[in-house]
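Some notes on the structure that comes next.
The values are calculated or read from the model by the stated rules, or taken from the named source; none is laboratory data. These numbers come from a predicted model, not from an experiment. Cβ: placed from backbone, ideal geometry, glycine included. Neighbour counts: every protein chain shown.
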Ligand code: CUA
């Protein structure tokens, strides 16, 4: 018996250590926890998961118990090493059929809630909304065509960021107003999410609200979400899509309906004009001269861009940059909030940190060079990102050119971006 204990001890310790690694309190584990559902879709997914866990636990105890019993009951006893083996049998119809029946029963028990959940997630529950008109929600703040029962958001995945469009609310590529990095939705509203990709396969996942559906080039997928608590949620691309897949994040910002209506209006308005003669005004000029406009659009200032890169008209009002990888929020204030366990509450933007993030992000694209043309800021924020590989082909001669900035020019562009709220 002591030998059994000697063997079990390290095995148990290893198991405990293995389990403990799953209990990390690290930031992203808490914020992207599928074990903390905050909406009906994630709740249903969580319930199916837990039903499966409990059933598996029962099976584990039964099978493991039978195994332990057999090992102990039929172990080799002292002085029996040379005894002849006991009489051998083969097959037991009762046990075999019983096990097959038990397995079928277990699968049926899991299949019922699983199929229910699949149907629940597949059908967008317009009819489940007690208030059937968006117009009532937004108190007339949105046009009549928005008075559908479900809010629709078109999501496009790109290497490596997410672009959000609201066709009912006039925020689209066609109206030259799109929203990168932060998906803003009203609390308690059913939201239809249309998923597309413009390059490779990505996957849309907000663990606390719903997950996850792939975004596949040339194909339209959809899902629906609903968040029942206002606040910030953390989303993540969940399909390997290249260098910066791990840094392809987004936020879901859930607002009260009135705040959402105000947000929609703010997104439609043109960007504010910087004060004449200011550093920001110079930055606005440089934004065009230094070809930032080839990829980035600024509604009201530079609308002719193809919108290959993120829209920047409201870039300073967002809490994040670079595919939501760079966070502008006051870290100390956020740590204090997190310590209380309020992971959905967001600290305010720290302007100094935001300015530094803008500076480092643009600088890391290789535009800031020394006399020898060597980049001064290494590209270590998001490996492989398109800001870095930016190359302009001169149309006349197909000559490759590379944009560079002096420190002063970079500062001016950062000041310009800081005014885009
Ligand atoms: Cu996009 Cu991984």
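Structure values in brief
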| read-out | value |
| --- | --- |
| Matching residues in region 334-381 - criterion: being surrounded by fewer than 16 Cβ atoms within 10 Å (Cβ to Cβ) and either closer than 24 Å to residue 207 by Cβ or touching a residue at least 60 places away in the same chain (Cβ under 8 Å) (or both) | 335, 336, 339, 340, 341, 342, 345, 351 |
| Qualifying residue in region 254-276 (condition: surrounded by 22 or more Cβ atoms within 10 Å (Cβ to Cβ) and under 20 Å from the mean Cα position of the chain (by Cα)) | yes |
| Criterion violated by residue 271 - all others in (1) part of a strand (DSSP E or B); (2) more than 16 Å from the ligand (Cβ to nearest atom) satisfied | (1) |
| Residue list for region 185-220, filter: within 13 Å of the ligand (Cβ to nearest atom) and out of contact with any strand residue (DSSP E or B) (no Cβ under 7 Å at 6 or more places or on another chain) | 200 |
| Contacts under 7 angstrom Cβ, first residue in region 247-272 being touching a residue at least 12 places away in the same chain (Cβ under 8 Å), partner part of a helix (DSSP H, G or I), 6 or more apart | 255/263; 257/137; 257/138; 261/138; 264/169 |
| Residue in region 88-97 that is modelled with pLDDT under 95 and surrounded by 11 or more Cβ atoms within 10 Å (Cβ to Cβ) present | no |
| Meets criteria (at pLDDT 90 or above, more than 16 Å from the ligand (Cβ to nearest atom) and under 17 Å from the mean Cα position of the chain (by Cα)) for residue 315 | no |
| Residue list for region 152-179, filter: more than 16 Å from the ligand (Cβ to nearest atom), in contact (Cβ under 8 Å) with a residue 60 or more places away in the chain and closer than 18 Å to residue 295 by Cβ | 173, 176, 177, 178, 179 |
| Residue 246 more than 16 Å from the ligand (Cβ to nearest atom) and either touching a strand residue (DSSP E or B) at 6+ places or on another chain (Cβ under 9 Å) or not in a strand (DSSP E or B) (or both) | no |
| In region 57-105, the residues that are part of a loop (DSSP other than H, G, I, E, B) and within 23 Å of residue 8 (Cβ to Cβ) | 74, 75, 76, 77, 78, 80, 81 |
| Selection count where residues are in a strand (DSSP E or B) and in contact with a helix residue (DSSP H, G or I) (Cβ under 9 Å, 6 or more places away or on another chain), scope region 201-212 | 4 |
| Qualifying residue in region 221-238 (condition: within 24 Å of residue 306 (Cβ to Cβ), in the same structural domain as residue 38 (by TED's automatic domain parsing), within 16 Å of the ligand (Cβ to nearest atom) and within 18 Å of the chain's Cα centre (by Cα)) | yes |
